[in-house]
Structures are given as C-alpha cells and as structure tokens.
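Here is the structure we will look at, set down as structure tokens.
We did not get these values from a lab; they are worked out from the coordinates using the rules stated. Note that the coordinates shown come from a computational prediction; the quantities given were computed from them, not determined experimentally. Cβ coordinates were reconstructed from backbone atoms using ideal geometry, including for glycine residues, and neighbour counts include every protein chain displayed.
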Amino acid sequence: MKRPRKGAQSPPAARHPRKRPKMEAIMAERGIVLATLAGIPKRDRADVEQAVLMGAWMAVKGGRYRPDPRVEPRAAMRAWLHGIAWRQAAKYFASAWVRHTVLHAQPLGLLREPMGPSLEAQLQAREVLAALAELPSWQAEALLIVDAPETLAEYARQHGLNPHTAASRLRIAREALALRLKRWRR
C-alpha cells in the first residue's frame with residue numbers, strides 16, 4: 001500500500017453533487033469563452049477555444065463539474081467556463097512556442113546583428129523630438145524640409161520665398177535646436 005508523503009494533505013472532499021450538463025449546454029455558453037480569450041491572437045484563438053471546450057467536456061465526464069446548487073445554473077456554468085478559459089489562456093501565453101517564435105529566413109543571423117536601436121539612441125531620439133516640438137512652427141518646418149524629397153530651392157519656390165531666405169531660416173532653426181538640446185543635456 002502506497003502511503004502519502006509526510007505533510008501531504010488529502011484532496012478536499014467534494015462539497016456539491018456532480019452535474020452532467022450536455023455538450024449543447026456548454027456550447028451555448030461559447031460567448032463567455034471567446035470573451036475570455038479576446039487577448040489571444042486570432043490565428044490561435046480557435047485552437048485555444050477548442051482546448052477549453054474539450055477540457056470542460058472531459059471535466060464533466062470525469063465528474064469534476066460540481067456547481068453550488070444555490071447559484072443559478074447558467075451563472076454557475078458561465079463562471080466555471082470562464083475559469084477554464086482563463087487557465088487555458090495562461091497556458092497559451094506561458095508556452096515556449098508563443099514566447100520565442102522568430103520568423104526569419106536565417107534565425108541565427110539575428111544573434112550576430114543588433115536587435116533594433118539601442119536604448120541610448122532611443123533616448124536621444126526622444127530628446128530631439130521633444131526639443132523639435134518646442135520650436136516655433138516655421139523653425140520645425142524648416143528642419144523637416146531637409147528630409148523631404150524636394151530640394152530647398154524647390155521648397156522656397158513653392159512657398160514664394162527667396163532661396164537665400166529659406167537657407168537662412170534653416171540655419172536659424174538648426175542653431176535654435178542645437179541650443180535647446182545643449183540646455184537639456186546640462
């Protein structure tokens with residue numbers, strides 16, 4: 001006879017009688033399952049829903065569905081299915097294939113090259129964007145035209161400016177941005 005290990009407790013006795021709802025009753029409450037699984041990507045949601053429904057059915061067959069008789073039957077069923085769906089969603093997010101899937105032609109090549117901009121580069125970009133937002137609109141526009149496909153002379157012509165005036169505005173805007181960044185970094 002196998003003895004329980006020291007300190008182990010026996011499982012708690014069932015408090016309520018077993019119920020055996022039909023699969024149709026479980027399927028009728030599919031909405032609560034889908035609402036609980038809303039955070040799972042659509043491509044995997046049907047698989048996790050199937051795991052929930054199969055788990056619920058196996059629990060009913062195994063006699064593990066024991067709702068409180070004082071609770072309205074539909075509410076008890078919904079709460080029970082919500083619990084099963086919640087645990088299946090947790091299993092889904094904890095699984096290794098969900099957390100570590102990398103779709104890349106040469107996945108080992110990712111180990112040699114950096115993954116995105118560094119934290120320092122991101123912080124510097126935020127500083128520049130914040131400083132750019134504080135500039136007057138004509139200075140911000142002059143700085144942003146540098147990255148446009150048109151030349152500075154074409155921009156000046158489209159806006160009725162002298163090309164030298166546009167160049168002067170760009171120089172002033174660059175100096176203003178540099179001054180703001182210098183003040184922030186002190």
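Net charge around residue 155, counting only other residues with Cβ within less than 15 Å of its Cβ (Lys, Arg = +1; Asp, Glu = -1)?
-1
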Taking 7 Å along the Cα-to-C-beta vector as the label spot, tell me the residue 18-residue 95 distance in nanometres, rounded to one decimal. 2.9 nm
Which value in nm describes the separation of the simple spin-label points at residue 133 and residue 57, placed 7 Å from the Cα toward the beta carbon? 5.3 nm
Can you check what the net charge comes to around residue 69, using other residues whose Cβ is under 14 Å from the Cβ of residue 69 (Lys, Arg +1; Asp, Glu -1)? +4
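When you count, for each residue, the other Cβ atoms within 10 Å and take the mean per peptide, how do 145-157, 81-93 rank with the highest first?
Highest to lowest by the protection proxy: 81-93, 145-157.
Please rank 169, 174, fewest neighbouring Cβ atoms within 10 Å first, as an exposure proxy.
So the ranking, lowest neighbour count to highest, is 174, 169.
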What is the magnitude of the charge dipole of segment 119-184 about its Cα centre, with +1 placed on the Cβ of each Lys and Arg, -1 on the Cβ of each Asp and Glu, and no other charges, expressed in debye to the nearest 20? 260 debye
Please name whichever of 89, 63, 37 sits farthest to the positive end of the charge dipole of segment 23-99, dipole taken about the Cα centre and charges placed at Cβ: Lys and Arg +1, Asp and Glu -1. 89
Provide the gained length on full extension for the span residue 174 to residue 159, in nm with one decimal, where the gain is 0.36 nm per separating residue minus the Cα-Cα distance. 3.4 nm
Tell me, what ³J(HN,Hα) does each residue in segment 69-81 have, in order and in whole Hz, if you take phi through Karplus 6.51 cos²θ - 1.76 cosθ + 1.60 with θ = phi - 60° and put x for Gly and Pro? x, 6, 8, 4, x, 5, 5, 5, 4, 5, 5, 5, 5
